[in-house]
Amino acid sequence: MKKLLFIPFILLVLVSMAACGSSGDDSFVPDEEPGMSVDSVGNGRYLVLYSSRSGNTEKVARQISTILNCDVLEVEPVTAYEEDYNAMLDRASEELAAIDRGNYPAIATSVDGFDKYDLIFIGYPIWYGRMATPMQAFLHEHASKLEGKRVALFATSGSSGMSTSANEARGFCPQATFTETLLLTSSGLAQMESRVATWLEGLGANREEEEDEVSSLKVKITVGERTVTATMEDNVTAKAFLARLPLEVELSDYAGAEKIFYPSPKLSTEGAPRGGNPTAGSIMLYEPWGNVAIFYKSGSASNSLIPMGQVDGDGIEVFRESGSLRVKFER
C-alpha cells in the first residue's frame, strides 16, 4: 500500500504564518490524527487531490474516487476558512493578491512523491475566475514532483470558466502533461455523476481491481495493423514512461539498429539503474540525449543506457521495417 503523508506545521510556525493568510476551501477532518500516515484505498494508478470549501468540489472528487476505486486526498489550509461567505471572499481576494506578489498561503498537506501514479486528478473551486488559493499553494510547493506526470484538472464554480485557472496550473507545472479538463458550474452539478463518468471514459481512466506486478508493467504497442506487447522494468524511468500512456509517436531509424524518439518533457532518471548491453527487443533510454530506443539489433554496452523494458516474443520483427514508424503505446 502506498502512503500519503499529512505533514502539519509546528504550532509556532502556524501562528506566525496565519498572519500572512492561509489556504483551503472546506475544512475536511481526516480519520487519522494529523501527522499519521494514511493508507491508500485503491490500486494506486490514480490519485485525486482536491481543495473544497463549500463541499461541491469534494463531491466531485469523491465521485471520481468511487468510480476508479483510487486514492483521494484533500489539500487543507493551516487555518480553516471563515463560515461567513463574505468574510471568506475577502480573505480569498487578499490571498490572490498576495500570490501575485509571490506570497503563498500556508497549507497543511504535503505529498512525498507521485512516482507510482499514472494520472493525477487535481480539483478546486474557482475564486474570482482563478484557481482557489490552497491548490495554488500546493502546486507551487510540489511543482518539481509533478514533472512528467499526466494531470487532469477539474473545477467547480458559480458561472466562471476555467481557462484562467488551467493556465495557472500549467504555469506551475510546465513539465506536466495536461489532459482534457472538467468544469461543473452550479447549473451542472445535478448532472455530476453522468458528466464525471463520461469525462473519465474520455480520459481512458477505468476502475481496476488490484493488479499483479507483472500485468501492471505490460504495454501494448500498435504499429500499423499489427499489435505486439512489451514488459517494462520496475524502475523510475520505465514508470515515468508508463505514466504518459497512451502515447502516439513517430519512431525514427538510428544507426541501422534501433528505432528512437524523444519524449517531451524528458523522462525522470533519478535513482534509475545505469548500464546495459542491448539485444534485439531491448527498450532503453539513452540518458545523454534523453531518447527512448527500441533495439531491433544488438547494440554496444554503455553506462549511459537505462533499461526500460523488453519487447515480448518475436514482436521485435515489426520494428525491423526500414524508415520511420508511427506507433501507439497503450496499457
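Only a single item in (1) more than 19 Å from Thr181 (Cα to Cα); (2) at pLDDT below 95; (3) open to solvent by 30 Å² or more (accessible area, probe 1.4 Å) is not met by Arg62, and it is number (1). Scanning the range 61-77 for residues that are within 24 Å of Tyr104 (Cβ to Cβ) and over 16 Å from the mean Cα position of the chain (by Cα) yields Glu76, Pro77.
Criterion applied to Val214, Val196 was being part of a helix (DSSP H, G or I) and either open to solvent by less than 80 Å² (accessible area, probe 1.4 Å) or at pLDDT 90 or above (or both), and the one residue passing it is Val196. Tyr117 falls short on exactly one of the conditions (1) outside any strand (DSSP E or B); (2) farther than 22 Å from Gly148 by Cβ, and that condition is (2). Please determine, by comparing only the residues of the range 97-130 that are β-branched (Val, Ile, Thr) and more than 20 Å from Arg62 (Cα to Cα), which one is surrounded by the fewest Cβ atoms within 10 Å (Cβ to Cβ). It comes out as Ile99. Close contacts from the range 159-181, counting a first residue that is at negative phi and open to solvent by 50 Å² or more (accessible area, probe 1.4 Å) and a second that is in a loop (DSSP other than H, G, I, E, B) and of a type in the set (Asp, Glu), with Cβ to Cβ under 7 Å and a gap of 6+ residues or different chains, come to Gln175/Glu147.
Would you check if there is a residue in the range 135-145 being within 12 Å of the chain's Cα centre (by Cα), modelled with pLDDT of 90 or more and either open to solvent by less than 10 Å² (accessible area, probe 1.4 Å) or closer than 22 Å to Gln63 by Cα (or both)? Within the range 135-145, one or more residues are within 12 Å of the chain's Cα centre (by Cα), modelled with pLDDT of 90 or more and either open to solvent by less than 10 Å² (accessible area, probe 1.4 Å) or closer than 22 Å to Gln63 by Cα (or both).
Look at the range 69-98: where a residue is farther than 21 Å from Glu168 by Cα and a partner is open to solvent by 40 Å² or more (accessible area, probe 1.4 Å) and in a helix (DSSP H, G or I), sitting 6+ places away or on another chain with Cβ atoms under 8 Å, you get Val72/Arg62; Val78/Leu14; Val78/Met17; Val78/Ala18; Thr79/Leu14; Thr79/Ala18.
The values are calculated or read from the model by the stated rules, or taken from the named source; none is laboratory data. Values in this document were obtained by computation on a predicted structure and should not be read as measured data. When we count neighbours, we look across all protein chains shown, and the Cβ atoms used for this are built from the backbone with ideal geometry, even at glycine. All accessible areas refer to the heavy atoms of the entire protein, side chains included, with ligands and DNA or RNA removed. Shrake-Rupley method; radii C 1.70, N 1.55, O 1.52, S 1.80 Å.
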